[in-house]
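Read the structure below first, then the notes.
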Amino acid sequence: MDDTTRYERLRERYLNGDLDRRGFLGMLGAAGLAYGVQTPFAKYARAAAEQVRFDGWGGVVSEAFREYAFDPYTAKTGVNVVDGTFGGADEYLSRVKASQPGEYNIAHLSGVFDYVRYHNLELSSELNEANIPNLENVITALVDVLRKPTGGSLSAVPYDYGTTGLAYNRKHISDEEMKEKGAKLMIDPAYEGKIGGWGEWKTRIWYAALQTDQDPNAVADIDAVWDAVRTHRDLALKYWSSGAELMSLLAEEEIYVTEAWSGRVKALQDQGHDIGYYDPPGGLGWQECLFVLRGSPMPECEELLNFMLAPETAIAVAEGQNYPPALDPNKVELTEQVKALPAFDPTGTLAGLNFFDPPYWNSKEAEWSKTFGRVQKGY
């Protein structure tokens, strides 16, 4: 049986009700090793037959992969999945650069900025799109932005998207105050010691640009931006470094306001916490992609990417991790649960979101990241 037939039969069983969503996704992961297909994880699994490694963002995202794919995978194959987590893209990139080609096959990258970095470091591949017909269902804007850095080809497929907006505790901050002050609430002395923020240089500079009424993709007064970064630093309780830490700080009411990832806020709301979420004007949108690294088995990776982009699979994962899938709602009927997710765009255009301009931010990385490191230490 060829791979396409095998995957299509799994999908047919799911649609007929013979498999629940958890079992469906689990068998997707299991199918590769069970039938000798080299999935993105198979090379590592064969090198160490008792385990498979997957590196992700931790927290509810890793929990979604664990619940809907990894545990069923282990039950079917006997192969343990070792979850690797990372708090930031720089940390993971360092691991990849130190690895042997083929040790990592698929990276769950966040943002076009990272996509460009991997490409510039010659870590990219070139996908044969004819092997990924479900790419036609993906929001065009998310695909087009990945083509520009590589001259038209793709090294990855978009998989989900979200925003880095503002999360706030409604016990202490009203919806009206949040809408009135927006990003400037993060530098309001009234909340000294109850402010948080992601300790990542790009996000700190982006929000400082908003706080000084500048375009983050065309900063005119960088000194004013650094002053705003310092003001936030002095008012903040701490910088958080992972989604799990972000959720803990908000849930325990150690902080009242911070930037936050939309899906993590949804997870807190589902747990009963009265946390509001607001995307301010100029707020930051981002997309995540499944990036195929150089040295990977391309036909098998393309086969799996195509299956992961099938509506049934993508929707199940989206509901598990609380981020909208990259599927175009004009082409695919999405569930009410997906439509209720923060950052979901019913138009399928993402016209209301702002993204990092890769050439601009890559040209500033060396200078700005170094300066932020000094500012973070108190300079």
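On inspection, ILE205 does not qualify as crowded, with 16+ Cβ neighbours inside 10 Å and in a loop (DSSP other than H, G, I, E, B).
Within the stretch 332-339, does at least one residue satisfy the condition of being among the hydrophobic types (A, V, I, L, M, F, W, C), in contact (Cβ under 8 Å) with a residue 40 or more places away in the chain and closer than 17 Å to VAL145 by Cβ? For the stretch 332-339, residues among the hydrophobic types (A, V, I, L, M, F, W, C), in contact (Cβ under 8 Å) with a residue 40 or more places away in the chain and closer than 17 Å to VAL145 by Cβ: absent.
Looking at the stretch 147-168, is at least one residue within 21 Å of GLU200 (Cβ to Cβ), assigned to a helix (DSSP H, G or I), in contact with a helix residue (DSSP H, G or I) (Cβ under 7 Å, 6 or more places away or on another chain) and of a type in the set (Val, Ile, Thr)? No, the conditions are met nowhere in the stretch 147-168. Residue count for the stretch 298-311 under the criterion of being open to solvent by 20 Å² or more (accessible area, probe 1.4 Å) and within 16 Å of the chain's Cα centre (by Cα): the result is 1.
Being surrounded by fewer than 20 Cβ atoms within 10 Å (Cβ to Cβ), part of a loop (DSSP other than H, G, I, E, B) and touching a strand residue (DSSP E or B) at 6+ places or on another chain (Cβ under 8 Å) holds for only one residue in GLY378, GLY295, GLY282, GLY276, and it is GLY282. With respect to the conditions (1) in a loop (DSSP other than H, G, I, E, B); (2) free of Cβ contacts under 8 Å to residues at least 12 places away in the same chain; (3) basic (Lys, Arg), LYS171 falls short on a single one, namely (2).
When LYS370, LYS339 are checked against the criterion of being charged (D, E, K, R) and farther than 23 Å from ALA167 by Cα, a single residue qualifies: LYS370. Within the stretch 67-119, being open to solvent by less than 60 Å² (accessible area, probe 1.4 Å), at pLDDT 70 or above, of a type outside the set (A, V, I, L, M, F, W, C) and assigned to a helix (DSSP H, G or I) holds for TYR92, ASP114, TYR115, ARG117, TYR118, HIS119.
Filtering GLU122, GLU126, GLU136 for residues that are exposed (fewer than 15 other Cβ atoms within 10 Å of the Cβ), at positive phi, out of contact with any Gly (no Cβ under 7 Å at 6 or more places or on another chain) and in contact (Cβ under 8 Å) with a residue 12 or more places away in the chain leaves a single hit, GLU122. Filtering the stretch 144-159 to residues that are over 24 Å from SER94 (Cβ atoms) and either open to solvent by 10 Å² or more (accessible area, probe 1.4 Å) or among the acidic types (Asp, Glu) (or both) leaves ASP144, VAL145, ARG147, LYS148, GLY151, GLY152, SER153. Residues that are among the hydrophobic types (A, V, I, L, M, F, W, C) and part of a strand (DSSP E or B) within the stretch 208-241 comprise ALA236, LEU237, TRP240, listed in sequence order.
Confirm whether ILE173 is surrounded by 20 or more Cβ atoms within 10 Å (Cβ to Cβ) and at pLDDT 95 or above. Answer is yes for this residue. Against the test of being open to solvent by less than 10 Å² (accessible area, probe 1.4 Å), in contact with a helix residue (DSSP H, G or I) (Cβ under 8 Å, 6 or more places away or on another chain) and either modelled with pLDDT under 95 or among the β-branched types (Val, Ile, Thr) (or both), the options ALA326, ALA343, ALA316 yield a single qualifying residue, ALA316. Report whether or not GLN337 is open to solvent by 20 Å² or more (accessible area, probe 1.4 Å) and out of contact with any Pro (no Cβ under 7 Å at 6 or more places or on another chain). Here the answer is yes, as GLN337 does meet what is asked.
The values are calculated or read from the model by the stated rules, or taken from the named source; none is laboratory data. These numbers were taken from a predicted model, which means no experiment stands behind them. When we count neighbours, we look across all protein chains shown, and the Cβ atoms used for this are built from the backbone with ideal geometry, even at glycine. These area figures cover heavy atoms from the full protein model, side chains too; ligands, DNA and RNA do not enter into them. Shrake-Rupley method; radii C 1.70, N 1.55, O 1.52, S 1.80 Å.
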